[in-house]
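Data first, discussion second: the structure below is written as structure tokens.
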Amino acid sequence: METPMISVVIPCRNEADNLAFLLDEVDAAMKDHAYEVIVVDDGSTDQTGEVLQARIAQGKPLRHIRHDRSSGQSAAVRSGVFAARGQIVVTMDGDGQNDPIYLPILADSLLKAGPAYGIAAGQRLKRTDTKLKQLSSRFANNLRGMILKDKTRDSGCGLKAVHTDLFRQLPFFDGWHRYLPALVIREGYDVLYVDVVDRERRHGKSNYGIVDRGLRGILDLYGVWWLRKRRKVVPTVTEITND
């Protein structure tokens, strides 16, 4: 079976310095696949737009989607998913910490796993974040695991591959991108996990704060728990014809 087109979606805000090298790495990693790259510029105030337009002028397989104001990472991911032309969307962060070598690995793993699987989710090893971020992530992941029981060790990893049509039907809310495995399970699909190695950020600092991931995340967690509880049965749907 021929590998379908893959859409690489990269949400970012003020990451011009990191995109300058990251997009070259994405092209190198995806060279053996049919692909497009969609960078969603979440209201950047640096030279992100100039970097992207220069690459487009060079004929790179790149699309530039821009928010007129910063709307958050979840909204940026969603804009990229609905703009995608590929049958599979692979997401990654725009800060350079996600290594693009895992993009084709995630997409190919999801395809090989078969139709029962809806997502291939990256799980980071050897975290390079600050101790505070690591501790907050560990607490959040442990709490999420106890409540959702989705067997996800690291829900915050930006590297994920999802079938595009499934991605678009998942219930959306701010913070949604951190609960994709649980939301995919809610739709009746299995989750495939792939270990990935994180990298250090070369330039700048995180544009999405710990407070957003922590305090608001607790409310999101109970919202996802409620969504899963409200869908008890996922039926198998078939059309009956007279043929």
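Worth a mention:
- Sole exception among (1) open to solvent by less than 50 Å² (accessible area, probe 1.4 Å); (2) modelled with pLDDT under 95 for Ser70, by number: (1)
- Qualifying residues in region 135-152 (those that are surrounded by fewer than 18 Cβ atoms within 10 Å (Cβ to Cβ) and more than 22 Å from Gly72 (Cβ to Cβ)) - the one modelled with the highest pLDDT: Lys151
- Members of region 39-55 that are within 21 Å of Val77 (Cβ to Cβ) and not small (Gly, Ala, Ser): Val39, Val40, Asp41, Asp42, Thr45, Asp46, Thr48, Val51, Leu52, Arg55
- None of Val8, Val40, Val51 is in contact (Cβ under 8 Å) with a residue 24 or more places away in the chain and closer than 21 Å to Asp198 by Cβ except Val8.
- Residues (open to solvent by 20 Å² or more (accessible area, probe 1.4 Å) and either modelled with pLDDT under 80 or assigned to a helix (DSSP H, G or I) (or both)) located in region 182-207: Ile185, Arg186, Arg202, His203, Gly204, Lys205, Ser206, Asn207
- Residues (without any contact (Cβ under 8 Å) to a residue 60 or more places away in the chain and of a type in the set (Lys, Arg)) located in region 11-37: Lys31
- The set of residues in region 78-111 that are acidic (Asp, Glu) and over 24 Å from Phe173 (Cβ atoms) comprises Asp99, Asp108.
The values are calculated or read from the model by the stated rules, or taken from the named source; none is laboratory data. Here the structure is a predicted model, which means the values were calculated and not measured. Positions of Cβ are backbone-derived with ideal geometry, glycine not excepted, and every protein chain shown enters the neighbour counts. What goes into the accessible areas is simple: the full protein's heavy atoms, side chains included, and nothing from ligands, DNA or RNA. Shrake-Rupley method; radii C 1.70, N 1.55, O 1.52, S 1.80 Å.
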